[in-house]
Each structure stands twice: as structure tokens, then as C-alpha cells.
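The values are calculated or read from the model by the stated rules, or taken from the named source; none is laboratory data. As the structure is a computational prediction, the values presented were derived from the model and not from experiment. Ideal geometry is used to build each Cβ from the backbone, glycine not excepted, and the neighbour counts take in all protein chains shown. What goes into the accessible areas is simple: the full protein's heavy atoms, side chains included, and nothing from ligands, DNA or RNA. Shrake-Rupley method; radii C 1.70, N 1.55, O 1.52, S 1.80 Å.
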Amino acid sequence: MKTAFSQLSTLARNTEGSRIAGEVSAITGLTLTVVGLTRALGIGQRCTIFGRKGSVLAEVVAVDGEGTRVLPFGTWDGVTIGDRVEISTQGEKIRPDISWVGRVVDALGRPVDGKGVIHDGPHPCSPKAAPPNAYSRRRVGDRIDTGVRVFDVFTPLCKGQRMGIFAGSGVGKSSLLSMMARRAEADVIVVGLVGERGREVQDFIQDDLGQEGLDRSVIVVSTGDEPPLMRRQAAWTATAVAEYFRDQGLQVLLLIDSVTRFAMAQREIGLAGGEPPTTKGYPPTVFAELPQLLERAGPGTGEHGDITALYTVLVDGDDMNEPISDSVRGIMDGHVVLDRAIAEQGRFPAVNLQRSISRMLPDCHNDGEYAVLKSARRALARYADMEELIRIGAYREGTDPDIDAAIRFAKPAEEFLSQQKKESTPSDQAFARLFELLSDAGIEVALPRKEG
């Protein structure tokens, strides 16, 4: 009875009242021009085009003297000049619910996992909401124990923090996200797969995430073959679902893979709407939309929870200074760089410690932990500076005691930083093990003195 009532209420909410109609006047590439609705449809509103092969949901991306320009959430197959166009509210709001946990939905909040209907929650949420007021937010909270040693020690993640993971293709971004989803301290995990390869969706869910991760996750999926509106919408929908759980007072971990594909989708939308291309073909709206998306995550307000977010950035040509990487890095509260050279050596996660930083340091570590971190970073930096000379035999042992100690520390440190996907280490054990390795290498750690 409850299920029938839920389905009936959903149908009632989606039933439209009076209808205003226009018609198709032109189709150029992805862009369709509608006349007759110029004063009724604004930017971001939706309409339905009734073609010969069925109806197509579309969104307004531009308005000019020739009419209203719209892009499809599907394809224009079967649509032609003169076809009827009606205003629509389909998909403008989503209604997340606790029953969504463990489910996989598309960018419009529709189930795609074959597990039956998905129940609507009582409160509608806008996929494109405004970020919380900066003066009402709490400060970033305590450190989260992720179980990933390199994160917990060197680039710690705190409640309400936003961290970027920067890497080229095939360097281990998805595997690192799955490690976070399995073990990180959070009430709910929300995963947004934006523009993902269709073949890899099931691989990520079944192999990387596993049943353990899925049981506490909501996964929003848009594959790379879908239209740009759907790919952009996936990032918005995943963030809106995270906001819903945050507003219930829960601690949420939001994982978006990837921000780059979100930016690419916005580039296609902007260019189709007539925007001028700027840096590397990206129109101005891309750099306006990025902070609007990323600022929605972070600490909550009042009795709300927090959204701790990890965003992957697919670096174009391994260039860490390309436009999207540069823009995202300036918004984040820290960045982790995955290095292809380290991955090729077989160490995963392939984090380049010299190029990675968490802006929550040093406050998120206690004095002893921070002392261990500083000593380890200093030793690894010394080894990195001398690595080429050491490899070719140009450095002679005994020349510098600090470098000798760094050499002794380097190999066991590499083993410490390497971690299997299903392996997890509590942060206190990680610090204790690293302190032991430093001591074995003869590296002094300036631990704080105990009072009394």
C-alpha cells in the first residue's frame, strides 16, 4: 500500500497543468531553435519536443532574436521542422531518500541498476543549488581516518575539506576513490561517475567498490556516450544527493570522477549556445560553473552535517598547469598528484609527495604526528634531490650523514607508501610504523617533550 501511494504521489507531482506550445524552426548540429516560447522559457528551463520517434527532453542554453536555443538530454533522431514543443518540468527537481543508499541512478535520478523502482523522498532538491552562505558555515572539522596510509599521514583529509586528485589517464584515480569509499569514516558515500567509460562502470561497482562500499553508497552514473547535458547533470545530481544527506545531519563523503569531464560537457554546451572559445577552447561559462559546483561541498551550517569531497581531475597530456587543473587547484583545500612515473614503477597509490599538499596541515595533526611527517618529508625530499646521482653511482656513501640516512629510509618508505586496494591501516598504526622506519634509518624525530 505504501509503495502504491508513493508511486501515485510521484505521478501527481510530475503531472503538468496548462500547456504552452511552440514549434521547431531550425536544427543545427546539437542545437535546436524553438519559436513561440521566447517569453515563456528562460535559460536553464526545460521543454519537450515531440518528434516522429517519440518525445525528447531538452534544456534552454541560449535565447536570441531568432528564437530559443535548446540542447537535448537524448538525441534529435526523428525531430524535424514544425514539430510541437511544450514547456516541461521533468527532472528539474530530484527527491533523494535514505532508500537510495545502495542504488545506482542516472543523471536525472532514475534507477539503472535493475533493482526496481526507487522511492522519492518528501523534500524536492534542486540539482543546481546555490552554495551555503560563507559566513554561516562551520570551520573544517577533525581529521578523517581513511585507512589509506599516504593520505592519513602526508595529505590528511578533514571533515568538510575539498581535495583534488590530479592525474593522467590510467594512473589509478578510480582505485584510490574505491579505497576511500570502502574505509573512510562517513555515514554516507555519494559517488558521481561523470562521463565514465560504459565498460568500466560495472568494473568500478563490482570490483573496485565491492558490496562493502556499495552498501553505504549512492552512485550517480552518466557514461561518455551520453549527451553533454546528461554528463553535466550527473555532477549536479550527485552534489544535490550529498546536500540532502548533509541536511539530515549526516557526514557525507562525495566522490566525483571527474571534474574535467564536467568541464568538457560544459564546453560543448557553451559552444553550442554561441559562446566564444577562450583558453584551449573553453568558453567563459566553464570557469564560472566550476566554483559554483565545487563550493557546494564543504562544512555545513547549524545542525547540518558536512560534505567532505574528493574531485578527480583528468590532466590533459599530464600537464598540471592546463586550464582546468589550474582553476580547480585554486578552489580546492589541497591537491594530490598521481605521477605516471611512480605508477610505472609499480607503486600504488602513485602519489607524488613533493607535489601534493593538504591545506589543513599542520592543525589536523597533533605535535607528535606532525614531527613524524616533517622528518619523513625531509628525508624523502633529500633522496629525491640526489636520486639521479645515487643511481649512476656518483654519490659516495659517507659524504653526507643526512643523505646516507635518507638512502636507508627510501626503500622501506616506498613499501610503506604502497598499498593494495582492499588493504586498510588505522592512522595511529601508520604513524607508529613510519616512526619506526625513521628510527631504523637513523633519522631523528623531534618529538614534543611530555610535561611533568
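A few points about this structure:
- Modelled FRET efficiency - R0 30 Å, Ile27 with Asp316, Cβ distances, 0.05 increments: 0.45
- Excluding exposed DSSP-loop GluC sites (Glu not before Pro) (at most 16 other C-beta within 10 Å), longest clean stretch of the chain: 186-294
- Among the trypsin sites (Lys or Arg not before Pro) in the range 164-206, those placed in a DSSP loop whose Cβ has at most 15 other Cβ atoms within 10 Å are Arg197.
- Per residue accessible area of the range 171-259, 1.4 Å probe, in Å²: 27 Å²
- The simple spin-label model puts a point 7 Å past each Cα toward its Cβ; for Ala341 and Arg197 those points are separated by 2.6 nm.
- Fully extending the segment from Glu436 to Arg396 would add 11.8 nm, taking 0.36 nm per residue of separation and subtracting the current Cα-Cα distance.
- By definition, a body whose alpha carbon gyration tensor gives a ≥ b ≥ c is oblate when a/c is 1.5 or more and a/b is not larger than b/c, and the range 296-373 fits this oblate description.
- Neighbour cut-off at most 16 other Cβ (10 Å), DSSP loop, trypsin sites (Lys or Arg not before Pro), the range 284-363: Arg359
- Here the label points at Glu388 and His123, each 7 Å from Cα along the C-beta direction, are separated by 5.7 nm in the simple model.
- In the range 93-158, the trypsin sites (Lys or Arg not before Pro) that fall in loop regions by DSSP, at most 11 other Cβ within 10 Å: Lys115, Arg139
- Simple label model, 7 Å out from Cα along Cβ direction - Arg329 to Lys93, nm: 4.2 nm
- Anisotropy class of the range 19-87 from Cα gyration tensor, a/c 1.5 cut: rounded
- Accessible area expressed per residue, the range 19-87, with surrounding protein chains retained (probe 1.4 Å, Å²): 48 Å²
- Expressed to the nearest 5 percent, the antiparallel share of DSSP beta bridges inside the chain is 55 percent.
- You can think of it this way: the chain between Thr38 and Lys280 has 83.9 nm of extra reach, that is 0.36 nm per residue less the Cα-Cα gap.
- In the chain, the portion of solvent-accessible area held by carbon and sulfur atoms comes to 49 percent [1.4 Å probe, whole percent, DNA, RNA and ligands not counted].
- Residue-normalised accessible area of the range 367-441, given per residue in Å² at a 1.4 Å probe: 59 Å²
- Among the listed pairs Lys128/Lys280; Lys374/Lys421; Lys115/Lys280, those whose Cα-Cα separation exceeds 31 Å are Lys115/Lys280.
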